[in-house]
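The structure under discussion appears below in the form of structure tokens.
The values are calculated or read from the model by the stated rules, or taken from the named source; none is laboratory data. The structure presented is a predicted model; accordingly, all values stated were derived computationally and were not measured. Backbone-built Cβ (ideal geometry, glycine too); neighbour counts: all protein chains shown.
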Amino acid sequence: MAIDAAHAVLSQMEAAMKDRITRIQKEMSVMRTGRANPMMLEAVKVSAYGSLVPLKQVAAVSVPEARTLEIRPWDPSTLQDIEKALQKAEVGAMPQNDGKMIRISLPMMTEERRKDLVKLIKKLGEEFKGGVRTDRQDGLNKIKKSFLSKEITEDDLRGLEQRVQKLTDSFTKQIDDSIAAKEKEITTI
């Protein structure tokens, strides 16, 4: 019965690591890389209909060209509110309102800015890998408590430790792969 508890610890640890992967991918998706990406506007909140709502609830965001975003409001009366929200969000370029939609043309990134972004992404990756290692340590501590209280055998302990390490290695590799892909995206002109 205690081995089931140890497997539950493994499941919890895996869920925490998956959450970290999701969070790093989301954080990297909103970083400006010189290419237009609707995810850049994910955090923009618009004051419309008496409350703050996400931009995607009041407008459609599209990418007609590599460095251009188009925002088309569902309701034309919200156009001014959307423009104000985009100006406040500082997306890296001034929004241009033509009366029907808003366009944002992103400037080319400088080489220095690209290098700074790569450093930032690598730092972010190290932080998330540290979190994965913390999850591993927490899981190992719980499993070792089960062993010390004689709930699981030494063979079970060794097998569980190996599974924990395989999970950790797998998630660390996923983070490294995400970082490498984003670095390539940033450095590609």
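Does Leu79 meet the test of being crowded, with 18+ Cβ neighbours inside 10 Å and either of a type in the set (Gly, Ala, Ser) or not assigned by TED's automatic domain parsing to the domain that holds Ser51 (or both)?
no
Just to be sure I understand, how many residues within segment 12-47 are part of a helix (DSSP H, G or I) and modelled with pLDDT under 90?
9
Condition (residue is more than 23 Å from Gln25 (Cα to Cα), crowded, with 17+ Cβ neighbours inside 10 Å, in contact with a Gly (Cβ under 8 Å, 6 or more places away or on another chain) and free of Cβ contacts under 8 Å to residues at least 40 places away in the same chain) applied to segment 151-163: is it met by at least one residue?
So far as segment 151-163 goes, no, none of its residues is more than 23 Å from Gln25 (Cα to Cα), crowded, with 17+ Cβ neighbours inside 10 Å, in contact with a Gly (Cβ under 8 Å, 6 or more places away or on another chain) and free of Cβ contacts under 8 Å to residues at least 40 places away in the same chain.
Let me spell it out: the conditions are (1) assigned by TED's automatic domain parsing to the domain that holds Lys173; (2) farther than 30 Å from Leu10 by Cβ; (3) of a type outside the set (A, V, I, L, M), and Thr153 meets all of them except one. Which number is the exception?
With respect to (1) assigned by TED's automatic domain parsing to the domain that holds Lys173; (2) farther than 30 Å from Leu10 by Cβ; (3) of a type outside the set (A, V, I, L, M), Thr153 is out only on (2).
With Lys129, Lys123 as the choices, which residue is modelled with pLDDT of 90 or more, assigned by TED's automatic domain parsing to the domain that holds Leu167, surrounded by 14 or more Cβ atoms within 10 Å (Cβ to Cβ) and not aromatic (Phe, Trp, Tyr)?
Answer to the selection: Lys129.
Quick test of your reading of the structure: Arg136 fulfils all but one of (1) in the same structural domain as Val46 (by TED's automatic domain parsing); (2) crowded, with 17+ Cβ neighbours inside 10 Å. Name the failing condition by number.
Among (1) in the same structural domain as Val46 (by TED's automatic domain parsing); (2) crowded, with 17+ Cβ neighbours inside 10 Å, the lone unmet condition for Arg136 is (1).
Confirm whether Ala60 is in a loop (DSSP other than H, G, I, E, B) and in contact (Cβ under 8 Å) with a residue 12 or more places away in the chain.
no
So, in segment 170-189, exactly how many residues are farther than 16 Å from Met17 by Cβ and either β-branched (Val, Ile, Thr) or surrounded by 15 or more Cβ atoms within 10 Å (Cβ to Cβ) (or both)?
Qualifying residue count for the region: 7.
If the requirement is being part of a helix (DSSP H, G or I), within 21 Å of Ala15 (Cα to Cα), in contact with a helix residue (DSSP H, G or I) (Cβ under 6 Å, 6 or more places away or on another chain) and not aliphatic (A, V, I, L, M), which of these qualifies: Asp169, Asp135, Asp176?
After ruling out the rest, the residue left standing is Asp135.
Condition first: under 17 Å from the mean Cα position of the chain (by Cα), modelled with pLDDT of 85 or more and among the basic types (Lys, Arg). Can you find one or more residues in segment 94-107 that meet it?
Scanning segment 94-107 turns up no residue that is under 17 Å from the mean Cα position of the chain (by Cα), modelled with pLDDT of 85 or more and among the basic types (Lys, Arg).
Considering only segment 74-128, how many residues are assigned to a helix (DSSP H, G or I) and small (Gly, Ala, Ser)?
Going through segment 74-128 one residue at a time, the tally reaches 4.
So in segment 90-105, with the set limited to residues that are out of contact with any Pro (no Cβ under 9 Å at 6 or more places or on another chain) and more than 17 Å from Ser62 (Cβ to Cβ), which one is surrounded by the most Cβ atoms within 10 Å (Cβ to Cβ)?
Per the criteria, the residue is Met94.
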